[in-house]
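Sharing a structure below in structure tokens format, with a few things to ask.
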Amino acid sequence: MKRIAVLVSGSGSNLQALIDAEHQNQLGRGKIVGVLSNKSDAYALTRAQQANIDTAIISHRDFPTRESFDQQMHQQLLDWNVDLVVLAGFMRILSSDFVSQWQGRMLNIHPSLLPHYKGMHTHQRVLNTGERFHGCTVHFVTAELDAGQAIVQAVLDVRQNDTAETLATRIHPLEHKIYPQAVQWFCNEDLTWHDNHAYLQNKPLQESLKVCYFD
Ligand code: GRF
């Protein structure tokens, strides 16, 4: 069994997709054992409680430095005896120490086709540039923001009348498809990490990035 912790700050619709996937036996050998939030009012916490999952609130405001906050989170993850850390709308930048401790065992989902549009406000930036395609990416987390190895992407066409809001609304359901898929691969050891490289079914991920297309 792979013990999963999900880190959240907000609504937690991706957390819900993972909970639903687990209930439908679609996380392989994965089990969500804890949900950690840096915000006490995150709706994601309610979702976790409704699913009888242990929760922890660790507020970054209670710590003098990013490192001391991260250290407290690290301790909680150790207490839960976690095999995989899943970032799902977790809105804090992680220190390089924390990231290196979970290297190869921490995933994130980002609302763009990485390596394009790292960082914030991806939908508006995609519109401003006049891109034809947009989407979301599940990737391994490395110390550099949104720069780790991509695992799976969902792609959609940008429509002429799209706004940042409609793009967010169209992309969310795609996130809810590809994130549980990537977590299942990890939990079934289809997705592995050795010597700083990621592999899917024993092939280097760089050669086998999975892309799903939606119009
Ligand atoms: C998602 O758009 C995800 O791509 C980004 O944060 C958002 C989280 O949404 N990293 P939710 O809290 O899972 O609904």
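The values are calculated or read from the model by the stated rules, or taken from the named source; none is laboratory data. What you are looking at is a predicted structure, and each value in this text was computed from that prediction instead of being measured. Note: ideal-geometry Cβ built from the backbone for every residue, glycine included; neighbour counts use all protein chains shown. With ligands, DNA and RNA removed, areas are computed over all heavy atoms of the protein, side chains included. Shrake-Rupley method; radii C 1.70, N 1.55, O 1.52, S 1.80 Å.
Using modelled backbone amide H atoms (1.01 Å from N, in-plane), which distant-in-sequence or interchain residues come within less than 5 Å of Leu191's amide H?
For Leu191, whose amide H was placed from the backbone, the distant partners under 5 Å are Phe186, Gln201.
When a/c is below 1.5 the answer is rounded, else prolate if a/b is larger than b/c, else oblate, so apply that to the chain with a ≥ b ≥ c taken from the square roots of the Cα gyration tensor eigenvalues.
The shape class here is rounded.
Now for a separate question. Answer rounded, prolate or oblate for the range 1-89, using the Cα gyration tensor with square roots of eigenvalues a ≥ b ≥ c: rounded when a/c is under 1.5, else prolate when a/b is larger than b/c, else oblate.
On the way: a/c = 2.43, a/b = 1.49, b/c = 1.63.
Verdict is oblate for the range 1-89.
If I stretch the segment between Ala164 and Arg105 completely, what's the gain in nm (0.36 nm per residue apart, minus their alpha carbon distance), one decimal?
Gain on extension, Ala164 to Arg105, equals 18.1 nm.
Follow-up. Given charges of +1 on the Cβ of Lys and Arg and -1 on the Cβ of Asp and Glu, with all other atoms neutral, how large is the dipole of the range 2-214 about its Cα centre, in debye to the nearest 20?
300 debye
Run the simple label-point estimate for Met1 and Ser13 please: 7 Å along Cα→C-beta, distance reported in nm.
About 3.1 nm, to one decimal.
Glu131 versus Asp97, label points 7 Å from Cα toward the beta carbon: distance in nm?
Result: 3.5 nm between the two label points.
How long is the gain from Asp62 to His194 if the chain were fully straight, where each residue apart is worth 0.36 nm and the alpha carbon distance is subtracted?
Numbers: separation 132, 0.36 × 132 = 47.52 nm, distance 3.58 nm.
Full-extension gain reported as 43.9 nm.
Would you mind getting me the FRET efficiency between Asp41 and Lys118? Use the beta-carbon distance for r and R0 = 45 Å, nearest 0.05.
Result of the calculation: an efficiency of 0.95.
Name the residues of the range 1-18 whose amide N is less than 16 Å from a point 7 angstrom out from the Cα of Ala51 along the C-beta direction?
Zone members listed by number: 2-18.
In the range 153-215, if every C-alpha pair distance is counted and binned at 10 Å from zero, what percent goes to each bin?
Percent of Cα pairs in each bin: 20, 40, 24, 14, 1.
Just the number please: accessible area per residue for the range 71-215, 1.4 Å probe, all protein chains included, in Å². Don't skip to the answer; put the middle values down first.
Details: 7260 Å² over 145 residues.
Averaged over the residues of the range 71-215, the accessible area is 50 Å².
Nearest 10 degrees is fine. How inclined is helix 66-79 to the longest principal axis of the chain, computing both from alpha carbons?
Relative to the chain, helix 66-79 is tipped by roughly 70 degrees.
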